[in-house]
Amino acid sequence: MAVSICTREAYQSMKERNIDDGHIININSMNGHSVVPQSVVHFYSATKYAVTALTEGLRQELREAKTHIRATCISPGLVETGFAFKLHDNDPERAAATYESIRCLKAEDMANAVIYVLSAPPHVQIGDIQMRPTEQIS
């Protein structure tokens with residue numbers, strides 16, 4: 001729901017300000033493009049598939065409205081955040097091992113992806129950036 005509400009509000013704000021070249025960027029996940037065989041993340045994957053569909057639907061609606069506002073997903077793999085500690089809240093050692101097993105993406109990598117999207121020429125629509133650590137298998 002939050003993605004839908006924030007998107008609606010961002011679009012309305014752009015319309016009110018006569019901004020026709022804005023950009024809505026949704027931070028998604030590689031789990032929005034494939035389901036990993038871990039039951040603990042299946043519901044998470046479903047929500048991320050929804051973000052993928054909502055962003056593409058938004059892109060189509062923006063075209064129908066004849067705006068030049070663009071919509072993009074950035075879908076990272078494993079980023080070093082506190083997410084694993086929430087996912088494995090009963091097993092902090094397992095959570096820590098998640099980030100120690102490979103060289104994870106960092107916040108700076110995500111920021112660079114946003115900058116890349118925003119720096120695209122006005123005639124270029126980047127639909128989705130899928131990025132993961134080089135060492136990540138799935």
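Worth pointing out:
- Among the lysines of the chain, pairs at least eight places apart or on separate chains and with Cα atoms under 21 Å apart come to 4.
- Cα-based convex hull volume of the range 1-137 per residue, rounded to whole Å³: 117
- Shape category assigned to the range 17-70 from the gyration tensor of Cα positions, a/c cut at 1.5: prolate
- For the chain, the relative contact order is 27 percent, taking Cα pairs closer than 8 Å that sit 6 or more residues apart in sequence and dividing their mean separation by the residue count.
- The chain: most fluctuating residue of Asn28, Asn112, Asn90 per GNM, C-alpha cutoff 10 Å: Asn90
- Sorting the segments 71-79, 5-13 by their mean number of nearby beta carbons within 10 angstrom, highest to lowest, gives 71-79, 5-13.
- Report note on the peptides 115-125, 50-60, 15-25: ranked by the mean count of other C-beta atoms within 10 Å, highest first, their order is 50-60, 15-25, 115-125.
Only the coordinates and a few stated rules stand behind these numbers; no lab work does. Keep in mind the model is a prediction, meaning the values are calculated, not measured. A quick note on method: Cβ atoms are made from the backbone with ideal geometry, for glycine too, and the neighbour counts reach across all protein chains shown.
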